[in-house]
1. Counting only protein heavy atoms and a 1.4 Å probe, tell me what percentage of segment 87-130's accessible area is made up of carbon and sulfur.
2. Taking R0 as 30 Å, what FRET efficiency do you get between Trp17 and Asn68 from their Cβ-Cβ distance, rounded to the nearest 0.05?
3. Can you tell me how much longer the chain between Glu105 and Leu46 gets when fully stretched, taken as 0.36 nm per residue apart minus their C-alpha distance, in nm with one decimal?
4. Multiplying the sequence separation of Glu88 and Lys31 by 0.36 nm and subtracting their Cα-Cα distance, what value in nm do you get?
5. Sort 73-80, 110-117 by packing, meaning the average of other beta carbons within 10 Å per residue, with the highest value first.
6. Which of the three applies to segment 87-130, rounded, prolate or oblate, going by the alpha-carbon gyration tensor with a ≥ b ≥ c and a/c under 1.5 meaning rounded?
Amino acid sequence: MKVLDLQCPHDHRFEGWFASADDFESQLSRKLVECPICGATEVSRLPSAPRLNLSKATSAPSDKAPANASELQAHVMRALREVLEKTENVGDRFAEEARRIHYNEAPARSIRGVTTPEDARALVEEGIDVMPLPVPAALKEPLQ
Ligand SMILES: [Zn+2]
């Protein structure tokens, strides 16, 4: 199983699970890979795993809603839950921890947490990849 970091033309980043890189290419060419947020099928592969930044300041993307909104919502919830299960929650130490990983002072891993928009900007300026990810409050409780 291969986990790929993907991005749609609207800059939504998400993970896709594939049997192999070839499997991804094949599904992509048949337009079976779509953005869980907006449904776009022109998906491209990102080179490395982004760190997750669950900023409180982020709002959901304002793309127009797809025909079946509730199905999409369920899909997004599942994807988010997967992300939550696969990342280490560092809470409000996010900026500090992201820097430590970036400068090899801590083991490389996917982390998530909360930071201020100012801190997130500073991290990006330092070349640290962060991804804002809106998480419904309902998902946070049982997992932390
Ligand atoms: Zn998208």
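1. The C+S portion of the solvent-accessible surface of segment 87-130 is 47 percent.
2. According to the calculation, E is roughly 0.85.
3. Stretched out fully, the Glu105 to Leu46 stretch lengthens by 18.8 nm.
4. 17.3 nm is the gain from fully extending Glu88 to Lys31.
5. 110-117, 73-80
6. Oblate is the answer for segment 87-130, as a/c is 1.5 or above yet b/c matches or exceeds a/b.
The values are calculated or read from the model by the stated rules, or taken from the named source; none is laboratory data. Bear in mind that the values here come from a model prediction, so they are computed numbers and not experimental data. When we count neighbours, we look across all protein chains shown, and the Cβ atoms used for this are built from the backbone with ideal geometry, even at glycine. Ligands, DNA and RNA are stripped out before the accessible areas are found, and what is left, the full protein with its side chains, is counted by its heavy atoms. Shrake-Rupley method; radii C 1.70, N 1.55, O 1.52, S 1.80 Å.
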